[in-house]
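For reference, the structure discussed in these notes is given below.
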Amino acid sequence: MGVRKHNAAEQRKAEKKQKAIAILRDCPTSPRKMRLVADIIRGVEINRALGILRYSKKEASLRLEKLLKSAIANWEAKNEGQRLEDNILCVKEIFVDSGRQLKRIQPAPQGRAHRIRKRSNHVTIIVDKMIVEEKKAAKAPKAAAAPKTEVAQEVKNAE
């Protein structure tokens with residue numbers, strides 16, 4: 001293997017070390033209903049996401065709460081030396097894919113039949129450390145304000 005490929009593989013492996021993944025397959029809920037709940041917790045800190053899921057009325061939130069707890073446990077298993085309280089974790093990615101459909105027949109009037117599709121889905125949650133951005137806006141206004149005060153002083157001196 002070449003050096004560039006080897007370095008890229010090592011970098012991917014190091015990034016994967018921080019992430020924890022949990023997957024739920026063949027969940028007997030329609031993907032659309034699951035996506036409504038998944039969109040609520042995308043990018044949210046894990047303690048807040050668990051609270052949202054616990055008090056949500058949606059049936060899909062029960063399954064997502066269990067899956068999120070599994071992802072947190074996977075993160076703890078990968079990072080044994082670190083405490084969960086010291087790190088701020090968030091739901092980095094969550095996506096819902098369509099699973100298989102069970103096709104059933106519903107009797108209809110006049111000898112007809114209607115097709116019923118019982119949908120399922122696959123859910124993937126990726127938990128990672130939250131990136132906290134510090135605001136450095138304090139330096140920019142001072143630099144912009146400084147020339148105005150110098151101009152004002154020059155105007156006063158000229159008078």
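What follows draws every value from the coordinates through simple rules; no lab data is involved. Keep in mind the model is a prediction, meaning the values are calculated, not measured. So basically every Cβ, Gly included, is an ideal-geometry build from the backbone, and we count neighbours across all protein chains shown.
Taking the centroid of alpha carbons for each part, region 38-57 and region 93-134 are 19 Å apart.
Shape verdict for region 1-42, please, from the Cα gyration tensor: rounded (a/c under 1.5), prolate (a/b greater than b/c) or oblate. Judged from the Cα gyration tensor, region 1-42 comes out prolate (a/c at least 1.5, a/b above b/c).
Close amide H partners of G99, meaning residues 5 or more places away or on another chain with modelled amide H under 5 Å apart, are S120, N121, H122. With θ taken as phi - 60° and the Karplus curve 6.51 cos²θ - 1.76 cosθ + 1.60 applied, the whole-hertz 3J(HN,Hα) list for region 67-74 is 5, 5, 4, 5, 5, 5, 5, 5 Hz, x standing for glycine and proline.
Within a 10 angstrom radius of the beta carbon, how do I88, I41 rank from fewest other beta carbons to most?
Details: I88 13, I41 24.
The fewest-first ordering by Cβ neighbours comes to I88, I41.
So which GluC sites (Glu not before Pro) in region 1-90 are both in a DSSP loop and have at most 12 other Cβ atoms within 10 Å of their Cβ? Answer by residue number: E59, E80, E85. Derived scalar couplings between HN and Hα for region 24-34 equal 10, 10, 6, 7, x, 10, 5, x, 5, 5, 5 Hz in order, rounded to whole Hz, by the Karplus curve 6.51 cos²θ - 1.76 cosθ + 1.60 (θ = phi - 60°), x for Gly and Pro. Among the listed pairs K16/K92; K19/K78; K17/K129; K5/K129; K69/K92; K69/K118, which have their C-alpha atoms separated by more than 19 angstrom in this model? Exceeds cut-off: K5/K129; K69/K118. When you work out D = kT/(6 pi eta Rh) for region 1-118 at 4 °C and 1.567 mPa s, using the Kirkwood radius from C-alpha pairs as Rh and the Stokes-Einstein form, the result is 75 µm²/s. For E93, the residues whose modelled amide H falls within less than 5 Å of its own, excluding neighbours fewer than 5 places apart on the same chain, are I126.
Shown in residue order for region 3-11 are the 3J(HN,Hα) couplings computed by the Karplus curve 6.51 cos²θ - 1.76 cosθ + 1.60 at θ = phi - 60°: 5, 5, 5, 5, 5, 5, 5, 5, 5 Hz (x for Gly and Pro).
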